[in-house]
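Data first, discussion second: the structure below is written as structure tokens.
Each value in this text was obtained by applying a stated rule to the coordinates, not by laboratory testing. In this text, all values refer to a predicted model and were calculated from it rather than measured experimentally. In this analysis, Cβ positions are derived from the backbone assuming ideal geometry, glycine residues included, and neighbour counts consider all displayed protein chains.
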Amino acid sequence: MTAVRKGPMLESGAFPSLELPKMALEQIVNRVSEQLSQVLPPGVRQLRGDLEENIKAVLREALARMELVTREEFDVQAALLSRARSRLEAVEAELRALEQRVTALEGRDR
């Protein structure tokens, strides 16, 4: 998953949904919490339940602040950006051609 705040607008003028599904977020929280619980020293494992809940709460809060998106949503935004970049390059080339024509016409008038 990739962190992204906002991306280019859709042609409709609206921003697409850029939120990580809650199920995916919960899976991340559970996976990280389990991995952290497994590396706890034996003396601390007795407190595993409490620690696991605290870890999950901290992870949920941290991940919510990061405003993550799915790879699919990121790829859609990257494709939109690429398309916009191509359009911009075409417009810039057309502008250069027009500027050259204006310069040529101004040179003939002199």
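Structure notes:
- In a simple Cβ point-charge model (Lys, Arg +1; Asp, Glu -1; nothing else charged), the stretch 20-68 has a dipole of about 60 debye relative to its Cα centre.
- Shown in residue order for the stretch 79-87 are the 3J(HN,Hα) couplings computed by the Karplus curve 6.51 cos²θ - 1.76 cosθ + 1.60 at θ = phi - 60°: 5, 4, 5, 4, 5, 4, 5, 5, 4 Hz (x for Gly and Pro).
- Charge dipole of the stretch 70-110 about the Cα centre (unit charges at C-beta), most positive-ward option of Ala79, Leu95, Leu105: Leu105
- Of Asp75, Asp109, Asp50, the sequence from fewest to most neighbouring Cβ atoms within 10 angstrom is Asp109, Asp50, Asp75.
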